[in-house]
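For reference, the structure discussed in these notes is given below.
The values are calculated or read from the model by the stated rules, or taken from the named source; none is laboratory data. None of these values were measured; they are calculated from a predicted model. Areas reflect the complete protein model, heavy atoms only, side chains present, ligands, DNA and RNA absent. Shrake-Rupley method; radii C 1.70, N 1.55, O 1.52, S 1.80 Å.
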Amino acid sequence: MVSSIFAIMGLGSQEMILIFLALLLLFGAKKIPELARGLGKGIREFKDATKDVRENIEDSLKETDTHSTK
């Protein structure tokens with residue numbers, strides 16, 4: 001998934017390596033796993049929130065359909 005995002009942005013392997021090295025220099029080797037965990041938690045929370053919104057919309061559509069058929 002990450003590689004497809006980079007491909008869409010037009011980044012090749014050299015650019016990705018350069019970005020990784022810059023992150024390594026800026027944050028250090030100890031902070032990168034912590035940042036990745038935080039990013040993963042944020043993505044997971046976003047997915048959960050979109051799932052909840054989708055379920056609420058589907059439930060309200062089903063409820064509207066049952067009321068309109070009566």
- Message: Taking the full set of protein chains and a 1.4 angstrom probe, give the accessible area of residue 63 in square angstrom, rounded to the nearest 10.
- Response: 110 Å²
- Query: Which percent of the Cα-Cα distances in region 9-70 go past 20 Å?
  - Reply: 59 percent
- Note on the structure: HN-Hα couplings for region 47-59 via Karplus (6.51, -1.76, 1.60; θ = phi - 60°), in whole Hz with x for Gly/Pro, come out as 4, 5, 5, 5, 5, 4, 5, 4, 5, 5, 5, 5, 5
